[in-house]
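The next block holds one structure in the form of structure tokens; read it before the comments.
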Amino acid sequence: MASARDIRRRIKSVKSTQQITKAMKMVAAAKMRRAQEAVTAARPYATKLTDVLGRVSAAAGGSVSHPLLEVREPQKTAYIIITADRGLCGGFNANVIRRAAKELQQYENPALITIGRKGRDFFKRRGAEIAAEFINLGENITFGKAKEIARFVIDKYTAGEYDQVYLIFSEFVNTLTQRPTTVKLLPIEAPAEEKKEGAEDKKAQVSYMYEPNAESVLGELLPKYVEVSIFRALLEAKAGEHGARMTAMDSATNNAKEMIHKLTLSLNRARQAAITKEISEIVGGAAALE
Amino acid sequence: MAKTQRLDIVTPERVVCSEEVEFVVAPGVEGELGFLPEHAPLVSALKTGVLRVQQDGKTYKVAISGGFVEVKNSRVIVLADTAEREDQIDVERAEAAKKRAEERLAKGGEGIDQARAEAALQRAIARLKAAGR
């Protein structure tokens with residue numbers, strides 16, 4: 001049995017670990033709240049954009065051709081994989097990476113665009129082809145970042161280097177659950193128009209005026225749609241990362257607590273054993289004198 | 001009281017404004033577009049510039065970039081990459097950005113950097129204009 005001193009040292013070390021995990025949990029909770037707000041703030045834009053895009057593409061009557069709508073025989077597929085820059089967030093990165101690794105097997109020699117350090121490191125180690133990497137996006141994700149990533153894939157897609165582009169990220173369901181999701185980014189499948197608003201609205205769509213014309217408005221909207229999809233994915237991943245970290249750190253703190261409890265028990269037992277031993281030595285010594 | 005229409009200015013990062021206004025002038029790609037209530041349905045791309053809003057007889061300006069506008073049923077929806085009301089604009093930052101962009105343009109070069117500098121310059125000018133400088 002370990003000596004009382006060893007156990008005491010052990011308890012001390014577990015305690016300090018517990019303090020760290022506790023602090024990390026609180027930090028993650030605060031950051032998650034902020035990230036969640038950002039997700040909420042981005043929602044109106046995305047909804048309206050999808051709305052307008054649906055209407056415009058319906059009005060244009062599917063006859064419009066745009067490079068981003070062009071469906072090609074998939075020769076080369078690209079994946080955008082969004083992971084976190086840092087670890088210590090439970091299965092968050094592992095889940096996305098596992099999903100991605102599985103999806104990647106479908107196509108021959110896919111190109112990867114990794115966002116976040118964890119994903120990049122994993123696929124680099126495996127010797128996959130990484131077309132572009134974006135790391136250190138930081139706490140506050142700006143639309144500019146999403147735009148940069150979108151511009152990269154749009155350029156490649158229009159140039160015919162990629163024939164389809166998928167986005168793999170972790171969807172933020174709630175604090176406890178993040179679900180790895182795959183979304184087809186390009187070619188764009190125009191969002192179906194909502195029909196619930198009835199006939200009156202339908203009449204209104206027909207009479208829309210487009211300035212300068214429907215095609216160029218559509219040309220303006222489509223890249224935006226890609227940008228917004230990426231932006232949303234980035235924000236959700238960020239919120240999910242913090243959520244996952246919070247949960248992971250919470251259970252780490254609980255484990256530490258349990259461990260301290262167990263160690264304290266064995267410390268007491270060890271101490272008691274030492275005392276008993278001492279007494280029996282004294283008694284034994286006294287008995288020997290008689 | 002004058003008739004009003006609803007104006008929503010939305011960026012990916014936040015909702016900049018959502019209120020009842022009387023008159024909106026937006027910088028369309030083919031010239032300025034004015035919207036009064038009951039305007040016919042319209043969708044247009046916008047260029048980087050200044051959007052003017054008249055509310056309760058007073059006018060305020062919003063610097064916007066990279067967006068478009070949808071008008072329907074007395075409702076004006078502006079979706080833009082960036083949008084700031086005149087009182088939210090950081091003039092110093094805009095001026096610095098303008099100077100930087102001008103330097104980059106003066107240096108010459110080609111391709112995407114030039115286009116980017118040009119866009120940055122437009123944005124800075126729009127912000128300064130909206131802020132009244």
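The values are calculated or read from the model by the stated rules, or taken from the named source; none is laboratory data. Quick caveat: nothing in here was measured; it's all calculated off a predicted structure. Here Cβ is always computed from backbone atoms with ideal geometry, including for glycine, and neighbour counts include all displayed protein chains. Heavy atoms of the whole protein, side chains included, go into the accessibility calculation; ligands, DNA and RNA do not. Shrake-Rupley method; radii C 1.70, N 1.55, O 1.52, S 1.80 Å.
Okay, here's what the table says:
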item	result
For region A:10-49, residues shielded by at least 20 square angstrom of accessible area compared with the chain on its own, probe 1.4 Å	A:A41, A:P44, A:Y45, A:K48
Residues losing 50 Å² or more accessible surface upon assembly, region B:3-29, compared with the chain by itself, 1.4 Å	B:P12, B:E13
Longest to shortest principal axis, alpha-carbon extents of region B:5-86, angstrom	26, 24, 20
Charge dipole (debye, nearest 20) of chain B; +1 at Cβ of Lys and Arg, -1 at Cβ of Asp and Glu	200 debye
Sequence of A:S65, A:S251 when ordered by accessible area, the most exposed leading, probe 1.4 angstrom	A:S65, A:S251
Chain A, accessible surface, carbon-and-sulfur percent (1.4 angstrom probe)	53 percent
C-alpha center-to-center spacing [region A:243-290, region B:61-99] in angstrom	66 Å
Order of exposure, largest accessible area first, which applies to B:L36, B:L46 with probe 1.4 Å	B:L36, B:L46
With DNA, RNA and ligands ignored, accessible area of A:R34 (1.4 Å probe; Å², nearest 10)	130 Å²
Heavy-atom accessible area, 1.4 Å probe, ligands and nucleic acids excluded: residues of region B:35-55 down by at least 50 Å² from chain alone	B:P41, B:V43
D (Stokes-Einstein, µm²/s), Kirkwood Cα radius, region B:90-130, 1.002 mPa s at 20 °C	214 µm²/s
Listed residue (A:A239, A:L218, A:T50) projecting farthest to the positive dipole end of chain A, Cβ model	A:A239
Degrees between helix A:143-158 axis and first principal axis of chain A (Cα, 0 to 90, nearest 10)	60 degrees
For the protein assembly as shown, accessible area per residue (1.4 Å probe, heavy atoms of protein chains only), Å²	53 Å²
Beta bridges by DSSP in the protein assembly as shown, antiparallel share as percent, to the nearest 5	65 percent
Descending semi-axes in Å of region A:1-63, equivalent ellipsoid built from Cα gyration tensor	58, 12, 4
Mean Cα-pair separation over length for region B:5-86, i.e. relative contact order, pairs under 8 Å, 6 or more apart, %	33 percent
Surface accessible to a 1.4 Å probe, A:D155 within the full protein complex, Å²	90 Å²
Exposure rank, largest accessible area first [A:I115, A:I279; 1.4 Å]	A:I279, A:I115
Estimated FRET transfer efficiency (B:A115, A:K257; beta-carbon r; R0 51 Å; 0.05)	0.35
Interface area, A with B, accessible, probe 1.4 Å, both sides summed, Å² nearest 100	2400 Å²
Accessible surface of region B:90-130, 1.4 Å probe, proportion on carbon and sulfur as whole %	46 percent
Carbon + sulfur, % of accessible area of region B:5-86 - ligands and nucleic acids excluded, 1.4 Å	45 percent
Cα-based radius of gyration of chain A once divided by 2.2 N^0.38 Å, which approximates compact folds	1.51
Long pairs among A:K145/A:K184; A:K48/B:K107; A:K76/A:K118, criterion Cα-Cα beyond 30 Å	A:K48/B:K107
